[in-house]
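Presented below is the structure to which this report refers.
What follows draws every value from the coordinates through simple rules; no lab data is involved. Predicted model, so just to flag it, every value in this text is computed and none were measured. Positions of Cβ are backbone-derived with ideal geometry, glycine not excepted, and every protein chain shown enters the neighbour counts.
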Amino acid sequence: MKRQIPLLITFIVGIVMVVQYFIPRQPFAGLFDTFNQWFLIIAVFALILGLMNLVRLHVQKLRRMKGGWGYSIILLCGLVGTIFTGALWGIGTGSPFNYVFVNIQQPMGATMFALLAFFIASASFRAFRARNLDATLLLVAAVLVMIGRVTIGALIWNKLPHIAEWIMSYPNMAGQRAIMIGIALGTVSYSLRVILGIERTYLGGE
Amino acid sequence: MLDKLLKIDRRIIFSIIGIVVIIAILFPMGLVVHVSEPVEKIYREIESLSPDSYVFLSFDYDPASMAELDPLALAVIRHCFRKDLKIVSLGLWPQGVLLGQANLEIAAEEYGKEYGIDFANLGYKTGGIVVISGISTNLRDIFPQDYIGNNVDSLPMLDGINNLDPFKLIITFSAGDPGVRHWVMIAQARYGKKIGLGSTAVQAPAFYPYLQANQLVGLAGGMKGAAEYEQLIKIPGLATAGMDAQSLAHLVIVLFIIFGNVIFLLKKRSSSS
């Protein structure tokens, strides 16, 4: 029963969601709305669960004084601080929450991402090699797009932006479409396996 | 010697990139921005809307991608307000709500627009694709309140707005999932809404199939896309200012790639001979 009931729920919900897409009339439309609302409620509980796990992990790290425990203090203080400021004074413009968001979280997030430019420069120097024909094609396309997509490209040669756009619109698009079709077919087959109860790893594995 | 060059200290590479970017910011070259067709398509779509039309903006990014998407969001909002369009927004990413709100407030002050009358921010709800699906049929079920807890019934501009039907255009500023993929899957494929995309440069190539299939009305990728949009609305902003730095950084990276490959080929030749 521990396995049969979840499998039955998955089967019924899965079939209803598929049918309502093709027949958006009652009772399927109503069921679709109901399932959507249930999903939103469950998703909120999943957030709470994630939060509890995060707190537990870092409290344990602090108790055992594991390496980097200082960062756990900062994380927990930040977590508690933002929750309280948000809950007490709201998140609108001028609120303490907004102040923390604008002056701490935004610069930190942007800085982390900005570091990528340095690592990309170093990695491309070390790893981007014309070892064979495939790698050479990729290398040439990447160089043309990198230069053609920025303003200096047109200054070097006024055809470069058009070449970069052509690469994006044709060879790139064809490749991306092939990947997308592959992913879609994989998703459909995986979903069918889940709905029909063939794939059961989401229940905890067998 | 060649081995030494191939194993150049990465701190030297970091320093060169840093110096080039700083110089470009301190001494702007004012390079001309070439406007690409996918970006122009979004501009034309907004231009074609009549005043008081409703536009939906989805801020699906966080501070990590704000350098790329914030300038574009601001440029699009300025364009919408200049055309007297009504904006309703939300965030499929929690941090996108406040980033979007900051841009809405900047543009609202410039164009004398008022919250609740000319624009509204519904806030964040977890669920991604389900949120889009929900607001497509019943907006008030999913968002009974706006981002600061006002009842949506108290916002005059939302009178009679119960789903996505009244929105002539949806633009998502998307840095990943949930984001444009889900807007296309539900709002476009199922409800036939027009979707425009502002995306990070790194994920823009993945959405060209949507553009070619007319599932997207236009696409602006990265800071370059934002700079192009700023040029179209003739209000240069942060993206235009940042293009010189990005151009030189790209050029330096390409020179590093060429340099690395020349050494690699020389080494290969010397070892084979």
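At a glance:
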| item | result |
| --- | --- |
| Near-label residues of segment B:64-78 by backbone N, under 13 Å of a point 7 Å along Cα→Cβ of A:Ile156 | none |
| Calculated FRET efficiency for the pair A:Phe84/A:Arg64, C-beta based, R₀ 35 Å, to 0.05 | 0.85 |
| Under the span-like rule (Cα at least 15 Å along the axis, Kyte-Doolittle mean at least -0.5), DSSP H helices of chain A | A:4-22, A:28-63, A:69-89, A:106-127, A:133-148, A:173-195 |
| Label-point separation in nm, B:Asp84 to B:Gln145, each point 7 Å along Cα→Cβ | 3.4 nm |
| Eligible aspartates and glutamates near B:Lys83 by straight Cα distance, threshold 17 Å, same-chain separation 8 or greater | B:Glu40, B:Glu45, B:Glu47, B:Asp52, B:Glu105, B:Glu109, B:Glu110, B:Glu114, B:Asp118, B:Glu230 |
| The protein assembly as shown, helix-only ellipticity at 222 nm - DSSP H runs n ≥ 4, -39,500 (n - 2.57), divided by all residues, nearest 500 | -20000 deg cm²/dmol |
| Other protein chain Cβ atoms within 10 Å, averaged over every residue that makes up A:109-119 | 5 |
| Average partner coverage of A:150-163, which counts Cβ from other chains inside 10 Å | 5 |
| Loop-located trypsin sites (Lys or Arg not before Pro) in segment A:127-165 whose Cβ has at most 10 other Cβ within 10 Å (DSSP) | none |
| Global geometry of segment A:129-206, whether rounded, prolate or oblate, following the gyration tensor of its Cα atoms and the 1.5 cut on a/c | prolate |
| Whichever lysines have a C-alpha closer than 17 Å to that of B:Lys4, once near sequence neighbours (fewer than 8 apart) are set aside | B:Lys267, B:Lys268 |
| Spacing of the two label points (7 Å from each Cα toward its C-beta) at A:Ala184 and A:Ala29, in nm | 2.6 nm |
| On Cα atoms only, tilt of B:66-82 relative to the major axis of chain B in degrees | 40 degrees |
| Three-way shape call for chain A based on the alpha-carbon gyration tensor, with the a/c threshold at 1.5 | oblate |
| Simple label model, 7 Å out from Cα along Cβ direction - A:Met52 to A:Ile73, nm | 2.8 nm |
| Per-pair calculated FRET efficiency, R0 = 35 Å: B:Ile19 and A:Arg131 via Cβ, rounded to 0.05 | 0.70 |
| Tilt relative to chain B, helix B:37-47 - C-alpha long axis, 0 to 90 degrees, to 10 | 20 degrees |
| Flagged links, alpha-carbon separation over 30 Å, of B:Lys193/B:Lys224; A:Lys159/B:Lys113; B:Lys113/B:Lys168; A:Lys159/B:Lys41 | A:Lys159/B:Lys113 |
| Extension gain from A:Val44 to A:Val19, taking 0.36 nm per residue of separation minus the Cα-Cα distance | 6.4 nm |
| Highest-first arrangement of A:117-123, B:6-12, A:142-148, where packing means the average Cβ count within 10 Å | A:142-148, A:117-123, B:6-12 |
| Ranking of B:Lys234, B:Lys224 by count of other Cβ atoms within 10 Å, fewest first | B:Lys234, B:Lys224 |
